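Working notes, beginning with the structure itself.
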Amino acid sequence: MRSISIFGATGSVGASTLDLVRRNRREWRVSVLTANCNVADLAALAREFQAELAVVADESCLAELRGALAGSGIATAGGADALVEAAARGADVTVAAIVGCAGLAPVMAAIEQGGIIALANKEALVSAGEVMTAAVARHGATLLPVDSEHNAIFQCLQGNRIEDVRRITLTASGGPLRTWSAARLEAATPAQAVAHPNWDMGAKISVDSATMMNKGLEFIEAHHLFPVGLDRIRIVVHPQSVIHSLVEYRDGSTLAQLGPPDMRVPIASCLAWPARMETPMAPLDLPALGELTFFAPDEDRFPATRLAREAAAAGGAAPAVLNAANEVAVAAFLAGKIAFTRIAVTVERTLTRAMPAAPTTLEEVLAVDREARARADELLELA
Ligand code: NAD
Ligand code: MG
């Protein structure tokens, strides 16, 4: 039996992870499950999986959680510090599935315990960059990418040397608004932006997928996970989401990983690593798929990948600022306060303000994040 802790257990990635645990119940001991404030779902999951500890990040929800788990023998806690303490308990596998930079401090605490970190929370790696990868090396942790593209690249690199890589290609579905004109994008609603054609995901990443900022964040994520140089990572739009990414080697061989657009496939690859496990997915039916198509990204209509590339090249605090501004702008868009196209504009404008010094510690990354959020908020109120 191995222990598993899931940070962000009530979300889309959390649910996919727990579905796999449920199917292999005897192999796992569930240690920690967390949510922001979704007490009903968290309490039900904690009871079902007999978790040792359930944590709500929002401390104002703790009393309700205590009530919901009374008599269950499951420990409860609440607040940002409790989240970090829960991560510091360590587990054989910690699944980082909180959305946004809010997940960074617990991921760093889990890394310090040196186990396997299955990372879905890309915003944490984008913001912390070298601070996180240095901690992984220092503590002997194993960082396995859950993000389907990075998981594909990780699989395509097995048995090969990173110095032999000529190029990494990240595929992008292009999102639900891929074919929309610039004028139409201006008026895209939250409902239209989250209606992803292939993947069923949380609201924030769905909007990121529609703006292509998801691919921008993934570009930076790939740069930290697979250090081949920024100029060797490219993005290709592939609307069917069957090829999850590709690695081209210097001898001209290109390896790709294919699979259904279901997060249980990359999550299973992390849970069973370096072995494989059964999943309930139907095998790929290539004749039924018929054809796979590929396009170059259009950065005029979707400038987010350009902004991310520029932030990655600038390095230092820029990726954390990009991420923070994007989180603020996406939340404003989802709340109906700004137009879809204002998301990228807000990110770009936040990036053009005076850039803070490169953060070298977790605390400094969190300070950059806070400052950039304040700047983005200010820009949104001014305009
Ligand atoms: P989601 O919105 O469905 O779930 C987010 C989880 O985080 C929930 O459990 C929620 O309670 C918790 N949470 C939200 N705000 C929090 C906060 N401030 N503090 C602590 N916990 C908080 O999101 P998701 O789609 O599951 O995505 C989770 C992460 O995985 C994101 O970083 C996303 O980019 C990444 N990811 C998701 C998918 C996918 O298919 N959903 C694919 C690849 C990567
Ligand atoms: Mg992805």
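For segment 46-75, residues that are crowded, with 23+ Cβ neighbours inside 10 Å and either more than 30 Å from Glu363 (Cβ to Cβ) or not aliphatic (A, V, I, L, M) (or both) total 1.
Among what's in segment 100-149 and is surrounded by fewer than 24 Cβ atoms within 10 Å (Cβ to Cβ) and among the acidic types (Asp, Glu), pick the residue that is farthest from ligand 2 (Cβ to nearest atom). Top of the filtered list is Glu112.
Do we find a residue being part of a strand (DSSP E or B), modelled with pLDDT of 95 or more and of a type in the set (Lys, Arg) anywhere in segment 233-242? Checked segment 233-242: at least one residue is part of a strand (DSSP E or B), modelled with pLDDT of 95 or more and of a type in the set (Lys, Arg).
Against the test of being within 16 Å of ligand 1 (Cβ to nearest atom) and assigned by TED's automatic domain parsing to the domain that holds Val345, the options His223, His244 yield a single qualifying residue, His244.
With respect to the conditions (1) away from ligand 2 (no atom under 12 Å from the Cβ); (2) modelled with pLDDT of 95 or more, Leu217 lacks only one, and its number is (1).
Count of segment 57-75 residues, restricted to those that are in contact (Cβ under 8 Å) with a residue 24 or more places away in the chain, under 19 Å from Gly103 (Cα atoms) and outside any loop (DSSP other than H, G, I, E, B), is 1. Listed by first and then second residue, the pairs with beta-carbon distance under 7 Å, at least 6 apart or on different chains, first residue in segment 4-19 and within 19 Å of Asp58 (Cβ to Cβ) and part of a loop (DSSP other than H, G, I, E, B), second more than 15 Å from ligand 2 (Cβ to nearest atom) and among the charged types (D, E, K, R), are Thr10/Asp41. Checked against (1) within 14 Å of ligand 1 (Cβ to nearest atom); (2) on the phi < 0 side of the Ramachandran plot, Leu230 passes all but condition (1). Residues in segment 306-320 that are surrounded by fewer than 15 Cβ atoms within 10 Å (Cβ to Cβ) and part of a loop (DSSP other than H, G, I, E, B): Gly315 alone.
Table: residues versus (1) assigned to a loop (DSSP other than H, G, I, E, B); (2) under 22 Å from Asn198 (Cα atoms).
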{"residue": "Gly252", "(1), (2)": "yes, no"}
{"residue": "Leu255", "(1), (2)": "no, no"}
{"residue": "Pro260", "(1), (2)": "yes, yes"}
{"residue": "Ile267", "(1), (2)": "no, yes"}
{"residue": "Arg276", "(1), (2)": "yes, no"}
{"residue": "Thr279", "(1), (2)": "yes, yes"}
{"residue": "Pro283", "(1), (2)": "yes, yes"}
{"residue": "Leu292", "(1), (2)": "yes, yes"}
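Within segment 290-331, the set of residues being out of contact with any Asp or Glu (no Cβ under 9 Å at 6 or more places or on another chain) and over 22 Å from Ile235 (Cα atoms) comprises Gly290, Gly316, Ala329, Ala331. For the condition crowded, with 16+ Cβ neighbours inside 10 Å and either more than 16 Å from ligand 2 (Cβ to nearest atom) or part of a loop (DSSP other than H, G, I, E, B) (or both), Leu177 qualifies. Taken over segment 121-147, residues that are of a type in the set (Gly, Ala, Ser), away from ligand 1 (no atom under 16 Å from the Cβ) and more than 15 Å from Pro227 (Cα to Cα) amount to 3.
Every condition in (1) free of Cβ contacts under 8 Å to residues at least 60 places away in the same chain; (2) surrounded by 20 or more Cβ atoms within 10 Å (Cβ to Cβ) holds for Ala344 except the one numbered (1).
The values are calculated or read from the model by the stated rules, or taken from the named source; none is laboratory data. Computed from a predicted model, the values in this text were never measured in an experiment. Please note: Cβ atoms are built from the backbone with ideal geometry, for glycine as well, and neighbour counts cover all protein chains shown.
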